[in-house]
Amino acid sequence: MGGVEGWMYPREYDEAITVFSPEGRLYQVEYAMEVVKRGSTILGVASPDGVVLAAEERPESRLHLTNPSQKLFQLDEHVAAAVSGMRGDARVLVNYGRILCQYYRLLYDEPIDPEVLTRHLGDLIHTYTQMAWVRPFGVGLIIAGVNSKGVRLLALDPSGSYKGYRATALGRGEGKAVDLLEKRYRAELTLDDAIRLALEALRAASPSLTPMEISMLVISRETASLRWLTPEELQGYMA
């Protein structure tokens, strides 16, 4: 430790991950959360019939052959994740989540519970807030899935903490999207209603979005399976 008589200078708290400042803050974790706030808007909406994940997918260049900024990922047949923040960090967590899903099927012969998956991912993320030679993951996740008890929608932040939601959003458009979701959400939403609400919230955050700039998937509670929506389907809902 630097400073005088064992105390650290303010800049040293700023650079250390494992040391709390005198105000009880971990600055590196707060910086990672700021990365999430500056990322693309992602959101999820749960209904009794299933759950919807949606993301803003604006291409970075019209010269790209594929979209390198993918924000939605299938983890298993019944669970998926939306990510906002650093894509490299997201890729590591997505791959780890997929391994967990397959390991759980092999070990227990049943699909993993979405909250169990989120807790394991949170444990890994939290580990990276405790060691001085690493940095926190600069990514936030919304994890959606179904289990025998119903539909689950959870948000996980760079500190490793997670919460369950009926509907939520992350990224630069979080404020506007959440405001609309709070006003328009109803507990009795059908899956089609949830799709429309997700599109409304996404366009509230970014009004100029077109169907080609939106990614959306739905996980049905009845079938416990995931389906991607096409731009043509999105156009129909937006109309």
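The values are calculated or read from the model by the stated rules, or taken from the named source; none is laboratory data. All of these numbers come straight from a predicted model, not from anything done at the bench. Positions of Cβ are backbone-derived with ideal geometry, glycine not excepted, and every protein chain shown enters the neighbour counts.
Contact map, segment 205-221: first residue modelled with pLDDT under 95, second residue surrounded by fewer than 18 Cβ atoms within 10 Å (Cβ to Cβ) and not in a loop (DSSP other than H, G, I, E, B), Cβ cut-off under 6 Å, separation 6 or more or different chains; pairs are P211/P231; P211/Q235; M212/P231. Of the residues F137, F73, which is aromatic (F, W, Y) and touching a Lys or Arg at 6+ places or on another chain (Cβ under 9 Å)? One residue alone meets the criteria, F73. For segment 206-230, name all the residues that are surrounded by 15 or more Cβ atoms within 10 Å (Cβ to Cβ), out of contact with any Leu (no Cβ under 8 Å at 6 or more places or on another chain) and not charged (D, E, K, R). Passing the criteria: S206, A224.
Just one residue in the set R62, R98, R91, R87 is surrounded by 13 or more Cβ atoms within 10 Å (Cβ to Cβ) and over 19 Å from D123 (Cβ atoms); that residue is R87. Every test in (1) over 19 Å from the mean Cα position of the chain (by Cα); (2) of a type outside the set (K, R); (3) over 20 Å from A81 (Cα atoms); (4) part of a helix (DSSP H, G or I) is passed by Q102 save one, and that test is (3). Output yes when any residue across segment 182-189 is touching a residue at least 12 places away in the same chain (Cβ under 8 Å) and touching a Phe, Trp or Tyr at 6+ places or on another chain (Cβ under 7 Å), and no when none is. So far as segment 182-189 goes, no, none of its residues is touching a residue at least 12 places away in the same chain (Cβ under 8 Å) and touching a Phe, Trp or Tyr at 6+ places or on another chain (Cβ under 7 Å). Selection of segment 56-95 for residues being modelled with pLDDT of 95 or more and over 19 Å from G39 (Cα atoms) yields Q74, L75, D76, E77, H78, V79, N95.
Screening A144, A132 for residues that are in contact (Cβ under 8 Å) with a residue 40 or more places away in the chain, surrounded by fewer than 16 Cβ atoms within 10 Å (Cβ to Cβ) and of a type in the set (A, V, I, L, M) leaves exactly one candidate, A132. Within segment 164-182, restricting attention to residues that are under 20 Å from P48 (Cβ atoms) and surrounded by fewer than 16 Cβ atoms within 10 Å (Cβ to Cβ), the residue that is farthest from the chain's Cα centre (by Cα) is E182. Given the condition touching a strand residue (DSSP E or B) at 6+ places or on another chain (Cβ under 9 Å), without any contact (Cβ under 8 Å) to a residue 40 or more places away in the chain and of a type in the set (V, I, T), answer yes or no: does some residue in segment 72-93 qualify? Within segment 72-93 (the criterion being touching a strand residue (DSSP E or B) at 6+ places or on another chain (Cβ under 9 Å), without any contact (Cβ under 8 Å) to a residue 40 or more places away in the chain and of a type in the set (V, I, T)), the answer is no, since none of the residues qualifies.
Of the residues that sit in segment 183-196 and are farther than 14 Å from Q235 by Cα and of a type in the set (A, V, I, L, M, F, W, C), which one is nearest to the chain's Cα centre (by Cα)? Among residues in segment 183-196 that are farther than 14 Å from Q235 by Cα and of a type in the set (A, V, I, L, M, F, W, C), the one nearest to the chain's Cα centre (by Cα) is A194. Quick check, is V51 among the β-branched types (V, I, T), farther than 16 Å from I142 by Cβ and out of contact with any helix residue (DSSP H, G or I) (no Cβ under 6 Å at 6 or more places or on another chain)? No: the conditions fail for V51. The lone criterion from (1) surrounded by fewer than 21 Cβ atoms within 10 Å (Cβ to Cβ); (2) of a type in the set (V, I, T); (3) in contact with a Phe, Trp or Tyr (Cβ under 7 Å, 6 or more places away or on another chain) left unmet by T118 is number (1).
Residues in segment 157-177 that are more than 17 Å from M33 (Cα to Cα) and in contact (Cβ under 8 Å) with a residue 60 or more places away in the chain: Y165, R166, A167, A177. Take the conditions (1) modelled with pLDDT of 95 or more; (2) hydrophobic (A, V, I, L, M, F, W, C); (3) more than 19 Å from G39 (Cα to Cα); W133 misses just one of them, which is (1).
Among the aromatic types (F, W, Y), modelled with pLDDT of 95 or more and under 24 Å from I195 (Cα atoms), is that true of Y165? Judged against the criteria, Y165 is a match.
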